[in-house]
Each structure stands twice: as structure tokens, then as C-alpha cells.
Amino acid sequence: MPGIRAAALPAVPTINLASLVSGLDDYLRARGADPAAILGGAGLAAGDLTDPERRVPLISFLRLLEICADELSDPHFGLRFGVQYDPRHAGVVGNMALASRTVQGALHTIARYLPTMVDSAVYRLEIARGMALSYSYYVDPLMMAYQQKNDWGVAFVCNVIRHGLGEPDWAPAEILLPQLATESAAARRERFSLLRAPVRTGHAWAGIRFDAAVLDRPMKTANATLERLMRHYGDLQLAGLEAPADELARLRRSVAQLVVEGDSSALRLAERLGWSVRTLQRRLAAQGLSYSDLLGEVRKSLALNLLENPRLGLAQIAYCLGYSEVSTFSHAFRRWTGKPPREYRSARQASARPEAPAASDRRA
């Protein structure tokens, strides 16, 4: 199925925070929360929200959204903040998308220029049987483990279409998300109310499905002059993004993408790179690796990261890494580390807890 996607990007994920959460400090204050404390908990400063040129680690953004949800006791924070977010605040990407002539042009703009906002994101638009599928994912499945970010992402794309069409009540046919934590019936009803569409889970990415006829509809916000100016600036930003350092880094990133997509075979990697399988094997041999070595190395790295997220169960982690059974994942993890994943996670969590004061300290 033909589609469009962003090119491979840097190995160290960063994000232009100001373009994604403009106004977050005011939003938090209005709900009785302390923005400075929340930002500090995510390793961020107030200037990170306002400086349009500053990039911060992507993981800080993911943690920020989760901390906001916890502090506000709002499991739907990502949705609630996302549905009220004006795409015009989203820098080059948001303004260029709204200035596009058609909905399809807007989504193509997001696909091409999303890396200027989030440099490890991949966006696709696919059309089949009269339905359009718009979705995004990250080259590291770790990023998909953060539900608030997934919710924010689908809300953002819906908002671009709603603003562009001038139809605030527009809704897709369905929302597609990675596996959610168990939700109550009331929570599911609230999610439906916020998204105005049914939700299906179990995907390796977050996206929306809607009638393909919408793609040709004109954007009421179209502005050819603004679109040209934004495109010029966006091209300069893309050109300034760092390229992968070497071929092995590129191969690792490509394998991570395939793990997310659910087909991490050597043949699929060769096709993605435009090589034959023999060429792939030869280049890996030059690095002292086989394909199974590379795949295992990538899966191990991803598994170690995913286990740091206490919200993820072992079944979800196994699914993210392409294992059909938890037992298969556990066997592989024990081979990599000498420990089963549950024991490894428990040890990591124990080491992260502050030590209790010694008896002499307590008596002092």
C-alpha cells in the first residue's frame, strides 16, 4: 500500500517543546497545579515552554505529560489538553498544515515536516478501500508506551482537520491506539466523548481512520503565501537536522522501526533500505554481525528501556518487541541479561528507591 513517511532521523530523540505545549503553564495554573514543580519533575525549565528554537530530550516531554496526568488526577489529560490545543501554536508544522489547500496537503505537510517538531517521529498517510488511515509512531517503541502522548497526538491531527474545515465537531470513523491500561466503563465513555469516535487498541502506533473523500476537501484556512513562507523555513529546519552518524546506527534505527511495524525480517529490512538480502548480509558481516545479532541487540536495548516504564506489563512489552508469547520474550531476556524480566525490573525499582536512614541517623 503506498504511503508517505518522514525520512530516517537522528539517533538521539529531541523535541521542540514550545511548538507542542504552548500555554501549558496557564492550563496547569487554572487547574490549581504548580507548573514549575511539574516541569522540574520532568527535568525541564519554564524557558523550555516558550523558546521556539530550543530542543529538549523527547523523553522529558513524554514524562511531562504523564506527570501532568498524575498531578491533576486526570487519566485523560493528554486528550483534554490536546483537543483544546490550537494548531496555530504548533510552529512551522501547524501553520503550514493549516495554510495548505486541501486536507490531504495538510497531512502531507505533517508527514514531511514533523521531524522539525519531533525528530524521531514517523508519520504515514495510507488510503485503501475508500478509507484514509493517518498515523504516527516512533523509531523506539519505548515512546509508544506513554499513553498521554498517544492521546495528544491523535487529538492534534484531529484538530488540524477540524480547524482547516471550519468544523469543530468533525470526527474520524475511529481512533486507533496502542494497548491501553484497563479502563472502567466510565473512563471509556469519557474517552469516546473527548475524541467523538470509537477507540480500537492493540496497535504499534496511534492514528485515526476516516472517509478518504475528506482528503480532497478544501481547507478554509488555506493561504498560499503563508504556506510558501512556512515551507521555506521548514526546509531550512529540516536541512539543519543531524544525520545518523554511521551505517550501523542507520541499520539499528531501521530495525527498530520494523520492530514497531511488526515485521522485522531481514527481507523487510533489505526492502526498506533498497538493498538485496545478500547486500544486507555482506554489509552486516563487515560490521562483524549477522542479522539475528543485530535484531537481538536492538530488541535487548528496547526491552531494557521498556522495562523502566512501570505502566507497562510484560505482555505489552513482549507485544511491542514482536514476541507472540511472554514466555518467548522472557527466555530471550534471560539469555541477554542472565535474569528474567520481572526480576530485572524489581531490582531496578529497588535500586531507584532512596535508602532508609541508618538507626543512628534516626536517633539523632
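The values are calculated or read from the model by the stated rules, or taken from the named source; none is laboratory data. Computed from a predicted structure; not experimentally measured. In this analysis, Cβ positions are derived from the backbone assuming ideal geometry, glycine residues included, and neighbour counts consider all displayed protein chains.
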Matching residues in the stretch 255-275 - criterion: being surrounded by 21 or more Cβ atoms within 10 Å (Cβ to Cβ) and hydroxyl-bearing (Ser, Thr, Tyr): SER264
Which listed residue, of GLY153, GLY164, is under 11 Å from the mean Cα position of the chain (by Cα) and in a helix (DSSP H, G or I): GLY153
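Does THR221 meet the test of being buried (at least 19 other Cβ atoms within 10 Å of the Cβ), among the polar types (S, T, N, Q) and over 30 Å from PRO178 (Cα atoms)?
Numbers: buried (at least 19 other Cβ atoms within 10 Å of the Cβ): yes; among the polar types (S, T, N, Q): yes; over 30 Å from PRO178 (Cα atoms): yes.
Yes, satisfied.
Is at least one residue of the stretch 91-99 touching a helix residue (DSSP H, G or I) at 6+ places or on another chain (Cβ under 9 Å) and assigned to a loop (DSSP other than H, G, I, E, B)?
The answer is no, given that none of the residues of the stretch 91-99 is touching a helix residue (DSSP H, G or I) at 6+ places or on another chain (Cβ under 9 Å) and assigned to a loop (DSSP other than H, G, I, E, B).
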Among (1) without any contact (Cβ under 8 Å) to a residue 40 or more places away in the chain; (2) at negative phi, the one test that ILE110 misses: (1)
Search result, residues across the stretch 70-86 that are within 17 Å of the chain's Cα centre (by Cα) and part of a loop (DSSP other than H, G, I, E, B): HIS76
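Hey, among the residues in the stretch 310-353 that are in contact with a Leu (Cβ under 9 Å, 6 or more places away or on another chain) and in a loop (DSSP other than H, G, I, E, B), which one's nearest to SER265 (Cα to Cα)?
Step one: of the stretch 310-353, the residues in contact with a Leu (Cβ under 9 Å, 6 or more places away or on another chain) are 312, 314, 316-317, 320-322, 326, 329-330, 332-333, 336-337, 341-342, 344-345, 348.
Keeping just the survivors that are in a loop (DSSP other than H, G, I, E, B) gives 312, 321-322.
Details: LEU312: 25, LEU321: 13, GLY322: 11 Å.
Out of the qualifying residues, it is GLY322.
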Residues of the stretch 247-292 that turn out to be without any contact (Cβ under 8 Å) to a residue 60 or more places away in the chain, acidic (Asp, Glu) and assigned to a helix (DSSP H, G or I), as a count: 2
Filter pass, GLU126 being in the same structural domain as HIS203 (by TED's automatic domain parsing), surrounded by fewer than 23 Cβ atoms within 10 Å (Cβ to Cβ) and more than 24 Å from ASP25 (Cβ to Cβ): yes
Search result, residues across the stretch 310-329 that are surrounded by fewer than 17 Cβ atoms within 10 Å (Cβ to Cβ) and either touching a helix residue (DSSP H, G or I) at 6+ places or on another chain (Cβ under 6 Å) or closer than 16 Å to HIS203 by Cα (or both): GLY313, ALA315, SER324
The one condition in (1) among the polar types (S, T, N, Q); (2) closer than 21 Å to LYS300 by Cα; (3) under 21 Å from the mean Cα position of the chain (by Cα) that THR201 fails to fulfil: (2)
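If you go through the stretch 135-188 one residue at a time, how many are within 29 Å of SER100 (Cβ to Cβ), of a type in the set (Gly, Ala, Ser) and modelled with pLDDT under 85?
Pass one, the stretch 135-188, residues within 29 Å of SER100 (Cβ to Cβ): 135-139, 143-144, 146, 148-178.
Add one more test, that the residue is of a type in the set (Gly, Ala, Ser), and what stays is 136, 153, 155, 164, 166, 171, 173.
Cutting the leftovers down to modelled with pLDDT under 85 gives us 136.
Final tally of qualifying residues: 1.
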Residue within the stretch 73-80 that is more than 22 Å from ASP51 (Cβ to Cβ) and in contact with a strand residue (DSSP E or B) (Cβ under 7 Å, 6 or more places away or on another chain) present: no
Residues of the stretch 87-103 satisfying the condition of being under 21 Å from the mean Cα position of the chain (by Cα) and surrounded by fewer than 22 Cβ atoms within 10 Å (Cβ to Cβ): ARG88, HIS89
Top-ranked residue of the stretch 291-307 - restricted to ones that are surrounded by fewer than 20 Cβ atoms within 10 Å (Cβ to Cβ) and of a type in the set (D, E, K, R), ranked as farthest from VAL326 (Cα to Cα): ASP293
Residue match in the stretch 42-61 (condition: assigned to a helix (DSSP H, G or I), in contact (Cβ under 8 Å) with a residue 40 or more places away in the chain and either surrounded by 22 or more Cβ atoms within 10 Å (Cβ to Cβ) or outside the structural domain of PHE192 (by TED's automatic domain parsing) (or both)): yes
